[in-house]
Structures are given as C-alpha cells and as structure tokens.
C-alpha cells in the first residue's frame, strides 16, 4: 500500500491532479447521460425527454446514498493512511464496501417498489409517468453495483491513485457510449435501451475500480462479521450524516422539478436538458469535494492543520476561476446547445436563462462542496447534513416558490440560484471556523501534554476518544493560573 501522498508537496498541485482526474471520469459519465438525452430527443417525442428528466431526479436521489457511503470511505480510509495504519485501512475498506452493498440494496428495493408514487410526487403524469416508471424499474436494481463502484473509487482516491479511479469511470462511460446507439436505435429498444446501457456501464465501473482496490493496492482484508459489527458504528457515524447531506440536494431538485412541472412538460424537457448540461459543464466542481477530501483527511490524520486550511483556500480559488471560465463559455454557446437538442419555445427559454444567468451561481455551489469536504473529513459530518438540509429547504423552497409565483418557470430557477448564494457563503464561513477550532484544540492538547498537567475538569469519554472534538476543558485549563500537576 502506498504511503500518504498528500502530507507533503504542493497543495495546489495535489488539488489540480485530484480534481482533474476525478472530473475526467465523472464528466465522461455525465457526457454519456447527455448523449442519452440527445439520442432520445432524436426520437422526436417530448414525453420521452420529460420522462428522462423525471427519472433522472429519482435516480439522483437514490445515487445520493451511494455518494454518502463513498464519502465515509474517503474520510475513514484517508485518515488511517495519514496515520500510517495500513491494516486498519484494509479493514475499513472491506467493511465500508459491505455496509454500502447492504444499504444500497435496501434503498434500491424501496425505490423500486414506490417508483410510481415517487414520480407522481414530483409531478409526472400520463404517458410521461409510465415511461419514467419503465426506465427506473430497469435502472434501480443496479444501484448496489454502483454503490460498490463509487466506494471502491473513493478507496483508490484515498491512497492517492486518482488515475485508476478515473479509468474506472472512463470505462463505464465508454461502455455506455457504445451501447446507447446500439440498444436505442439498432435494436429499437428506445428509452428502455438507454436504461439497459446504463446498467451494463455500472458493472464496468465496478469491475475496474474493484480490480484496483483488490489487485493493485491490496486494500481488502478477510471479511469477518465480527469486524463489521465492531466498525459499523464508526462507519455509520460518518456515512449516515453524509448520506443525509447528499439526499438533501436531490430533495431540493425534486421540489424545483415539481415547481417547474406546474408550467408544463415543455419546461420540464428544458430542465431535463439543463440537468444534463450542468454536470458536464461543472464536472470539475462536482468532483472538488471528493478530490480534496483525501487531501484534508490525510493531513488531518497527520495533524498537519496549516495544510488543511491551505487546501480549503486553494480549492476555493480553483473553484472561482473554473466556474467563471465555464460560465462565459456557456453564455457564448447557448444558441448552439438549443439547436443541438432541437428544442424551441418554453424548453429553449429554460436553457437560455440557465446559460445567461444561473450558471454563474455555481461559484457558491462549489463553495458548499469544499465546505462539505471539510466537515466530513474533520469529524463534523452532522454540520454538513444540517447545512445541506438547510439549503434544500430554507434555501430552495421559499426562493423557488416566490420566484415561480412572481416570474413563472424561470423564476423558479432564479430562486434556487439565490438560495445557493446565501448558503454557499454560510458554508464557507462555517468551514473556516471549524478548521480554526480543530487547530486550536489540537494545539491546546499539545501544550497540556508538554506541561504534563492533569486537567482540573474531567474530560468526557467522547473527548478522550476524539481529541479533535474535545471538550472546552482543555482550552480553559491553559488559562488556569493554578493548574494541578500530576
């Protein structure tokens, strides 16, 4: 197993390398999703494009659970590697993969059973509803495979093997791109053909990622049910808040989709195109949280707190420059995008509005992603959950509701963007506060140990097991003029 790569060297170089390799793989998959929608649009039925939009909202919701599990993999394994504990890292990889498979299977089963009700809840109707149900009933059973693939990729990034993680997603994208036209057109399967191609692609991603974890890095230990039970509490302590954090975003998007649906399928079709453009254009930003997570985690495990803060600052600058550049590119190419997807009228107005105004707000979405990486890898996953649920509720529903009431479907998009600005700034402030808090408490603990003092106020069990989240007693002890010596 390689040593911790991120506790030395240039932080910005690490960020660029991790973000770019992660983004290349993710963008390949997002490009295939975009190609799916393009091929479906060639069939000339607006209901098909709208069905993809509705199905994509539910698929995004279920995938968020697997993303949360991959975050737990990064936070736990990268810290163990930063501490040079190789056997612990292997055990964690094995048990996170097992936990993820079980949870993903449960989520997939429930979503499959309640697919019609979920689609009705977000506004799908008539033939569009039936098409979306058919698509999801094919796609959802492969969710456990996707969960294994994403967690294995996170394990690879935790040891710094970003290239192999990238190749796994590129393999999936390549398989999907080859099978899409074959299944949709050559075999005449239409929308179900696109779903089948996505299922096969998920197996390809899992195969490549797991081969790297097992063969290349030997990151798997012998599975023991007792070991899983011992680790389960620690895994869920990170995974559950991370899953809830990631579920918050599709919940907010589901509300936006439902709000847009009130104005007709044409607007939903335009929103479906935007939903595919966003991850392709901003794949680098979507990958940022997963990319800097291992950097933060390894340096946190090595107690290199100045490098943790430096990683956050440089990631934010990277985010700002990238989003502004891509937003200008989208603004200049919006007419080409509208023409490429053959949309007009209301659907075209959604794409035009997004490329003109909304895309610039991704600076603040990127700030949220960076803040989430800090929270999840510094031992504050619940803070990330609260912030993201706040954004999905208070930062989305009232803004989108009043935007829709005052300005129609485009006002819904504008309202969502305003909410992301508010919570992006809040998340940024909280991230720096927590980094400073963690750093100060570690320094306080070091000073206590150097003075060989016994704290006057007993530490709680939680404090003794988690020095980076210890009680205020250590800090107060430093200011005590008459400490009690051992």
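Of the helices (runs of 4 or more DSSP H) contained entirely in segment 396-477, those carrying at least 2 residues that are farther than 18 Å from residue 308 by Cα and at pLDDT 90 or above fall at 397-407, 409-451. Among the residues making up segment 135-166, those that are under 22 Å from residue 298 (Cβ atoms), more than 18 Å from the chain's Cα centre (by Cα) and in a helix (DSSP H, G or I) are 163, 164. Only one of the numbered conditions (1) under 15 Å from residue 349 (Cα atoms); (2) surrounded by fewer than 24 Cβ atoms within 10 Å (Cβ to Cβ) is not met by residue 301, and that is (1). Assessment of segment 313-334 against the conditions (modelled with pLDDT under 85 and crowded, with 19+ Cβ neighbours inside 10 Å) yields no matching residue.
Applying the set (1) modelled with pLDDT of 85 or more; (2) closer than 23 Å to residue 71 by Cβ to residue 249 leaves exactly one unmet item: (1). When segment 183-193 is filtered for residues that are at pLDDT 90 or above and either more than 16 Å from residue 142 (Cβ to Cβ) or within 26 Å of the chain's Cα centre (by Cα) (or both), nothing remains. Checking the structure you have, find out if any residue of segment 194-207 is assigned by TED's automatic domain parsing to the domain that holds residue 76, in a helix (DSSP H, G or I), crowded, with 21+ Cβ neighbours inside 10 Å and at pLDDT below 85. Checking segment 194-207: not a single residue is assigned by TED's automatic domain parsing to the domain that holds residue 76, in a helix (DSSP H, G or I), crowded, with 21+ Cβ neighbours inside 10 Å and at pLDDT below 85. Of everything listed in (1) out of contact with any helix residue (DSSP H, G or I) (no Cβ under 6 Å at 6 or more places or on another chain); (2) surrounded by fewer than 16 Cβ atoms within 10 Å (Cβ to Cβ); (3) modelled with pLDDT under 90, the single unmet condition for residue 127 is (1).
Screening 367, 348 for residues that are surrounded by 14 or more Cβ atoms within 10 Å (Cβ to Cβ) and closer than 27 Å to residue 240 by Cα leaves exactly one candidate, 367. Can you find even one residue in segment 80-93 that is surrounded by fewer than 21 Cβ atoms within 10 Å (Cβ to Cβ), touching a helix residue (DSSP H, G or I) at 6+ places or on another chain (Cβ under 6 Å) and part of a helix (DSSP H, G or I)? Yes; the residues of segment 80-93 include at least one that is surrounded by fewer than 21 Cβ atoms within 10 Å (Cβ to Cβ), touching a helix residue (DSSP H, G or I) at 6+ places or on another chain (Cβ under 6 Å) and part of a helix (DSSP H, G or I).
The values are calculated or read from the model by the stated rules, or taken from the named source; none is laboratory data. Since the structure is predicted, the reported quantities are computational estimates derived from the model, not experimental observations. Reconstructed Cβ throughout: ideal geometry from the backbone, glycine too, with neighbour counts over all protein chains shown.
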